[in-house]
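Report on the following structure.
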Amino acid sequence: MKKLAMAILLLLAVNISFAQTLEELKAQKKQKKDSIAAIQSNLNAVQSKIDALPGWKKGAFGTIGASLSGFSSWYSKATPNSNAGNIGISVNGFANLTEDTFFWRNAANVNLSWVRIDDRDIDTDDNSFQAATDVFNISSLYGQKLSSTFAISALAEYRTTIIDNFNDPGYLDTGMGATWTPITDLVVVIHPLNYNFVFSSGETVFESSLGAKIVADYSRKLGNVNFKTNLSMFQSYKSSDFSNWTWTNNFGYTLWKVIGVGFDFGLRKNKQEALSYAISKAGATDPAPTFDTVDNKLQSYWLLGLSYSL
């Protein structure tokens, strides 16, 4: 009995000691996390001051995604013998000049992807890679500062596709107005005098018009995270049918050196594009779609894969 009692006491002592050690380790871990958070906060504050200094700031980050698959006699599929592939890449680059009396901000966004489905049981199917996402956008914003947060500005923004139908359609916005920069990483452009040039070939529904341009751009790097969101809107004074907007978002989390995980997604509303597509798909016996009858659906794309930053 004495030996059993001693064994129980020893076991209790070991458990109590282990519990105390575990609590101590948890407390130390919390202190370390608090210290790391404080250091990161100080680093972010210093980086914000660096970003606000005059001079050029340049950089780029993006996402690369790919998937390949193959099936052989996989009878649960409608195409049991097939190969499939998906490849995508996005690039976000910027070159910004900030001086005491003016700024000049330049940006580019490219997002391209291709898909391929090869049904090996059909010799005549198209098994080549086809364009899926096709986004190309460049912009240049110049501002003459009136204060630390307001400026008189001029903007040129061009967007189109580059894999299929380059500049058909293509959109060029040029205009003047004001730019508000309440914080270092946020830029809000309001240009009530803007002309939206639309380029297209042949007989199309696309039409240029005068209107207002609004752009909101927020870009930030916090530790291992790269983040950029951009909203570009055009409101036509001629007709709401010629108005459009595009919202793009890009995230990148660095895991090792310049490599990490990235996620991009974009949304768009453009009635001219919706009508042009509907007309191209309408049959000879179908009533011709019009601006009043077309279904202007919300356009979207996304890409998930490896990210990189430069």
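Across the range 292-306, the number of residues qualifying as surrounded by 18 or more Cβ atoms within 10 Å (Cβ to Cβ) and either within 15 Å of residue 248 (Cβ to Cβ) or at pLDDT 90 or above (or both) comes to 3.
Give the residues of the range 176-194 that are surrounded by fewer than 22 Cβ atoms within 10 Å (Cβ to Cβ) and not polar (S, T, N, Q), sorted by residue number. Residues satisfying the conditions are 176, 177, 178, 180, 182, 183, 185, 186, 188, 190, 192, 193. Only one of the listed residues (136, 94, 129) is under 26 Å from the mean Cα position of the chain (by Cα), touching a residue at least 12 places away in the same chain (Cβ under 8 Å) and surrounded by fewer than 18 Cβ atoms within 10 Å (Cβ to Cβ). That residue is 129.
Among the residues here, residue 147 qualifies as in the same structural domain as residue 62 (by TED's automatic domain parsing) and either assigned to a loop (DSSP other than H, G, I, E, B) or surrounded by fewer than 17 Cβ atoms within 10 Å (Cβ to Cβ) (or both).
Mind telling me which of the residues 200, 209 ends up being over 24 Å from residue 249 (Cβ atoms) and modelled with pLDDT under 95?
200
Restrict the check to the range 198-216 and report whether at least one residue is under 16 Å from residue 92 (Cβ atoms) and not hydrophobic (A, V, I, L, M, F, W, C). No, every residue in the range 198-216 fails to be under 16 Å from residue 92 (Cβ atoms) and not hydrophobic (A, V, I, L, M, F, W, C). Scanning the range 287-310 for residues being part of a loop (DSSP other than H, G, I, E, B) and within 28 Å of residue 170 (Cβ to Cβ) gives a total of 12.
Annotation: residue 228 fulfils all but one of (1) at pLDDT 95 or above; (2) crowded, with 19+ Cβ neighbours inside 10 Å; (3) not hydroxyl-bearing (Ser, Thr, Tyr); the unmet one is (1).
Residues 206, 197, 234, 242: which one is more than 28 Å from residue 65 (Cα to Cα), surrounded by fewer than 14 Cβ atoms within 10 Å (Cβ to Cβ) and among the aromatic types (Phe, Trp, Tyr)?
On inspection, the qualifying residue turns out to be 197.
Would you pick out the residues in the range 159-171 that are in a strand (DSSP E or B) and under 10 Å from residue 199 (Cβ atoms)? Of everything in the range 159-171, those that are in a strand (DSSP E or B) and under 10 Å from residue 199 (Cβ atoms) turn out to be 160, 170, 171.
The values are calculated or read from the model by the stated rules, or taken from the named source; none is laboratory data. Since the structure is predicted, the reported quantities are computational estimates derived from the model, not experimental observations. Counting neighbours? That spans all protein chains shown, and the Cβs are built from the backbone with ideal geometry, glycine included.
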